[in-house]
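Notes to accompany the following structure.
The values are calculated or read from the model by the stated rules, or taken from the named source; none is laboratory data. Because the structure is predicted, anything quoted here is derived from the model rather than measured. No Cβ is skipped: glycine too gets one built from the backbone with ideal geometry, and neighbour counts run over all protein chains shown.
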Amino acid sequence: MPQFLPFRGIRYDPGALGPHGIGAVVAPPYDVVDDDEREELLRRDPHNSVRLILPDGDESERYDVAAADFAGWQRDGALRRDADEQLYVYRMAFRDDDGRPRRTLGVLGALALPGGTGRDDGEPILPHERTLPKAKSDRLALLRATRANFDPIWGLSLADGLSDLLATAGDPAVVCEDDDDVEHALWPLADRERVAAITRAVASAPVVLADGHHRFETGIAYRDELRAAGEEPGGAGAIMAFVVELAEDQLDVRPIHRLIHGLRGSDLRRALADAFTVTDAGPNSPEGVDVLRRRMHDERALGLVDGDGLALAVPERARVDEALASLPDPVRGVDAAVFEHLVVPALAGAQVAYRHDAREVAALVEKGAADAAVLLRPADVAQIRAVAFARERMPQKTTFFNPKPRTGFVFRTLD
């Protein structure tokens, strides 16, 4: 079962922060920050954590720059290491797409890296979807140079009742609101009895990876690299993780839609006619997209966006059963599987890109930045649990967990 332990976090000293507090030095995850946003984050504060996760310089020096900044900020007092090993309760409060108040309550700790493949029944950490081929050399080089976890991976615990153990009282140590009106708050937790209860709860059931598959694999690669060199992994035997109970009230799971490029004159609606009943759903407008998404839910359908506007694509049950027959039962009801096995073969030669905002996807098609798009419904928590318990994986880019933890509330050194 998973080993989840407290650690001595390295955090920004509140006294060294400017008038905007922690909000000026935290950043979104590294893989969603573009060049313009990086510059904006640095304008807010030169100590913004984006300097660590996306450092300056060319490939030969940028990782050493990050290591130098991290060490320098500790020397000048901008960062301080906590005196005791702790867990860190972390809460995100937000409103969902329907305007309802929601929250995600989890805990940051050091999650021991497993030695297996993630498919054995005894494996403590389970990837929940396949990953796209992607160079991991960048994150590995950063880990080698800095020997630190700057941003957590995200794990979903199958242990019932974890959320109750994380209930907080009193004001958080630090709190801020991000550009998307999400409130992020952190409570360091040093009480030994509560820490022990939380670690026991996490250890009682497997943890499913929600986000950070590539960083997880990079952490394993670095640990194995040290072992191969005859070194003890030490702190590299674990990775900083944000663990949340896999429960409906804790998660806002959104779909990841598919942008289609290179149709080369093909008609999306005609190409799918053999496997779907396709009906027009009106012009491409933000309001039309909202209506289409509701119809997709009610009629268990995919949504289409093309040069003619919007359409609803209801899959033919017999074709779905035939195309998905080789898949495990829990995966068959996932729209990403329907897309992969029924849509992709009908669009030979087309390229697929991924975005999670349906309105943004539709707007890109409208202005000609993509030939077409296929909108998917989100996987729900019951499907995620079923796939996890079956020790299977969903197709790549199935789930988008919203919102995302911010980088910079706490760092973890491997030393």
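Tabulated results
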read-out: Failed criterion for Y90 (all others in (1) modelled with pLDDT of 95 or more; (2) closer than 28 Å to A382 by Cβ; (3) touching a helix residue (DSSP H, G or I) at 6+ places or on another chain (Cβ under 9 Å) hold); value: (3)
read-out: Residue identified as modelled with pLDDT of 95 or more and within 23 Å of D181 (Cα to Cα) among R81, R103; value: R103
read-out: Helices (runs of 4 or more DSSP H) completely within region 1-115 that count 1 or more residues being of a type in the set (F, W, Y); value: 62-75
read-out: Candidates D321, D306, filtered to the one that is surrounded by fewer than 18 Cβ atoms within 10 Å (Cβ to Cβ) and not hydrophobic (A, V, I, L, M, F, W, C); value: D321
read-out: Long-range neighbours under 8 Å by Cβ, at least six apart or interchain, first residue free of Cβ contacts under 8 Å to residues at least 60 places away in the same chain within region 368-393, second part of a loop (DSSP other than H, G, I, E, B); value: Q383/G333; Q383/V334
read-out: Elements of type strands (runs of 3 or more DSSP E) in region 173-227, at least 1 residues being within 17 Å of the chain's Cα centre (by Cα); value: 183-189, 207-211
read-out: Number of the condition not met by A390 [criteria: (1) over 18 Å from R254 (Cα atoms); (2) surrounded by 15 or more Cβ atoms within 10 Å (Cβ to Cβ); (3) within 23 Å of the chain's Cα centre (by Cα)]; value: (2)
read-out: Matching residues, region 40-82, being among the aromatic types (F, W, Y) and under 15 Å from R139 (Cα atoms); value: Y63
read-out: Qualifying residue in region 214-231 (condition: in contact (Cβ under 8 Å) with a residue 24 or more places away in the chain, in contact with a strand residue (DSSP E or B) (Cβ under 8 Å, 6 or more places away or on another chain), at negative phi and hydroxyl-bearing (S, T, Y)); value: no
read-out: From A16, A66, residue being assigned by TED's automatic domain parsing to the domain that holds T146 and either surrounded by fewer than 16 Cβ atoms within 10 Å (Cβ to Cβ) or within 22 Å of P188 (Cβ to Cβ) (or both); value: A16
read-out: Selection within region 313-359 - among the hydrophobic types (A, V, I, L, M, F, W, C) and closer than 14 Å to A301 by Cα; value: A313, V314, V320, V334, A336, A337, V338, F339, L342, V343
read-out: So R254, is it closer than 14 Å to R377 by Cβ, outside any loop (DSSP other than H, G, I, E, B) and in contact with a Pro (Cβ under 6 Å, 6 or more places away or on another chain); value: yes
read-out: Checking R293 against (1) outside any helix (DSSP H, G or I); (2) closer than 30 Å to P127 by Cα, the condition it does not meet; value: (1)
read-out: Residue satisfying condition, being out of contact with any Phe, Trp or Tyr (no Cβ under 7 Å at 6 or more places or on another chain) and within 24 Å of L111 (Cα to Cα), within set A16, A24, A67; value: A67
read-out: Residues (modelled with pLDDT of 95 or more, part of a helix (DSSP H, G or I) and either surrounded by fewer than 22 Cβ atoms within 10 Å (Cβ to Cβ) or not small (G, A, S) (or both)) located in region 228-249; value: A228, G234, G235, G237
